[in-house]
Amino acid sequence: MNMKIAFVGKGGSGKTTLSSLFIRHLAAAGAPVVAIDADINQHLGPALGLDEAEAAALPAMGDRLRLIKDHLRGGNPRIASAETMIKTTPPGEGSRLVRVREPNAIYDACARPVELDGGAVRLMVTGPFTDADLGVACYHSKTGAVELFLNHLVDGPDEYVVVDMTAGSDSFASGMFTRFDMTFLVAEPTRKGVSVYRQYKEYARDFDVTLKVVGNKVQAQDDVDFLRKEVGDDLLVTVGHSDWVRAMEKGRPPRFGLLEETNAAALHRLRNAADATYALRDWERYTRQMAHFHLKNAESWGNERTGADLAAQIDPGFVLGEGVATPA
């Protein structure tokens, strides 16, 4: 199966820990994985075993936005320059599409291999966020690099792209939340955890987003009952304390095969749920949603910022498709 999977949740929910476990689970099964850290806090590298110096040395996608734009626009005549390409610019005839397993200029510049039990994954990061980034333009440019990559991605069979995201409003404004086959929302059994779920569910409702809740830090049946009552059938699985995770957080992870059986089973269920969404893939809807959010962003700020009519970047005869671009 070929899957784009997002992990979302509020800070402290355990989202990054769970996404790193899921990435390890896929790697241990021999699946090709591109892992992307698009969270403000940038903790995925350390969660995958990198030390502080290694994590700090990862090349930031946000700092290489020009290269990413130039590569992706390729020979698309509708995109006059990198300056007129914004984070929602969709691909069209002549654009360069990216694939999980290929060598390309974006991977050369932005991805680094991380060795895990059973295999290696490609890790890409938006780059650390500073106080200045929380102003609109810079912050958007960093997550915008991820969005452009996802907009031009055609993932093939048995490939996975796993993105560690915040559950913030930025992904709703841009449409990035519609770029995934499966979104796992990590929620603690608290009122705050459930309110993040409700907000995400509300935004996602009109866009056919497949959303499942992973209950984390669950200690007793009462916690499970609380989550089940609040989120209903969206609760896919719950995860409790893990000695393996505790050792990993101390920088001394045992072999991944020694992860507790219940937690290994939970990861297996996550993969099965993600794989099941493959049958629901609708490339025309996916392409249509890209155009929808691009027009919205063009009208609200993009046309003014670039001095161009960005609606003209939409190629009406183009549908993103598996393996190759296919005409509508």
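A short reminder: the numbers here are calculations on the coordinates, not readings from a lab. All values derive from a computational prediction rather than experimental measurement. No Cβ is skipped: glycine too gets one built from the backbone with ideal geometry, and neighbour counts run over all protein chains shown.
Worth a mention:
- Each Lys and Arg adds +1 at its Cβ and each Asp and Glu adds -1 at its Cβ; summed about the Cα centre, region 214-312 shows a dipole of about 360 debye.
- Loop trypsin sites (Lys or Arg not before Pro), region 222-328, which have at most 11 other Cβ atoms in a 10 Å radius of their Cβ (DSSP): LYS250, ARG255
- For region 228-328, the pair-distance distribution built from all alpha carbon pairs, in bins 10 Å wide starting at 0, is 12, 23, 20, 20, 21, 4 percent.
- Stretching ASP309 away from ALA120 to a fully extended chain increases their span by 63.8 nm, per 0.36 nm per residue minus the current alpha-carbon distance.
- In plain terms, the chain is cut at each of the GluC sites (Glu not before Pro) found in a DSSP loop with at most 14 other Cβ atoms within 10 Å, and the longest leftover piece is 94-321.
- Where only C-alpha atoms are counted, convex hull volume of the chain per residue in Å³: 124
- Nearby lysines by direct alpha-carbon distance to LYS296 (threshold 29 angstrom, same-chain neighbours under 8 apart not counted): LYS4, LYS10, LYS69, LYS87, LYS142, LYS201, LYS212
- Between the Cα long axis of helix 283-297 and the first principal axis of the chain there is an angle of about 70°, rounded to the nearest 10.
- Around the Cα centre of region 194-272, unit charges on the Cβ atoms of Lys, Arg, Asp and Glu (plus for the first two, minus for the last two) sum to a dipole of about 320 debye.
- 5 angstrom amide H check on VAL98, placed H, neighbours 5+ away: LEU153, VAL154
- When region 230-287 is reduced to its Cα atoms, the Kirkwood hydrodynamic radius in Å: 14.0
- If you look at the Cα atoms of region 1-127, you get an Rg and a Dmax of 15.7, 45 Å.
- Under the simplified labelling scheme, the ALA57-ASP225 pair shows an inter-label distance of 5.3 nm, with each label point 7 Å from Cα along Cα→Cβ.
- Between ALA264 and LYS296, the FRET efficiency estimated from the beta carbon spacing at R0 = 35 angstrom works out to 0.25.
- Computing FRET efficiency as 1/(1 + (r/R0)^6) for GLU284 and ARG96, where r is the C-beta to C-beta distance and R0 is 22 Å, gives about 0.55.
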